[in-house]
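For reference, the structure is listed below as structure tokens.
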Amino acid sequence: MDITYTDIEIENLFTQRRMSIRVLVDSGAVFMTIPEHAAKRLGYDLKGVSRREIILADGSRKSVPMIRPLRVYFAGHYCDLPALVLGDEALFGSVPMEVMDLISHPAK
């Protein structure tokens, strides 16, 4: 099984700030996640957003900020969805892939 990365664009629909970001395509993750520095660059106030309790791969629980509305662009597709602010690497989970009618097909 390969690790697959791709480049996408994300946009805060309130501020209309947009940026490119490299994401790990992770069909085992449910949500889109972005690091704190990316959320701040897009103009999100992380103190004023709702939080969501999540269960990490190791079974531990953590409360993290959930930002919205976030627009995600990839390969001529886009979707609007919330994203979790977590970690130092962006994850492209199964929900955004399904909403944009995409499948992960790592090439060798």
**Q.** Residues of the range 82-108 satisfying the condition of being surrounded by fewer than 17 Cβ atoms within 10 Å (Cβ to Cβ) and within 21 Å of Arg41 (Cα to Cα)
**A.** Pro82, Gly87, Asp88, Glu89
Q.
Anything in the range 1-13 that is within 17 Å of Cys79 (Cβ to Cβ) and either surrounded by 14 or more Cβ atoms within 10 Å (Cβ to Cβ) or of a type in the set (Val, Ile, Thr) (or both)? List them, or say none.
A. Thr6, Ile8, Ile10, Glu11, Asn12
Q. Out of curiosity, is Val72 within 16 Å of Thr6 (Cα to Cα), not in a loop (DSSP other than H, G, I, E, B) and not acidic (Asp, Glu)?
A. yes
Q) Can we say Ser60 is of a type in the set (Gly, Ala, Ser) and more than 15 Å from the chain's Cα centre (by Cα)? A) yes
Q) List the pairs whose first member sits in the range 42-60 and is farther than 20 Å from Glu11 by Cβ and exposed (fewer than 10 other Cβ atoms within 10 Å of the Cβ), whose second member is at pLDDT 95 or above and of a type in the set (Gly, Ala, Ser), and whose Cβ atoms are under 9 Å apart, counting only residues at least 6 apart or on separate chains? A) Glu53/Ser63
Q. If you scan the range 21-57, which residues turn out to be farther than 23 Å from Ile103 by Cα, among the small types (Gly, Ala, Ser) and within 13 Å of the chain's Cα centre (by Cα)?
A. Ala38, Ala39
**Q.** Top-ranked residue of the range 1-41 - restricted to ones that are in contact with an Asp or Glu (Cβ under 8 Å, 6 or more places away or on another chain) and in a loop (DSSP other than H, G, I, E, B), ranked as nearest to Arg68 (Cα to Cα)
**A.** Leu13
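The values are calculated or read from the model by the stated rules, or taken from the named source; none is laboratory data. All of these numbers come straight from a predicted model, not from anything done at the bench. Methodologically, a virtual Cβ is constructed for each residue, glycine included, from the backbone with ideal geometry; neighbour enumeration extends over all protein chains shown.
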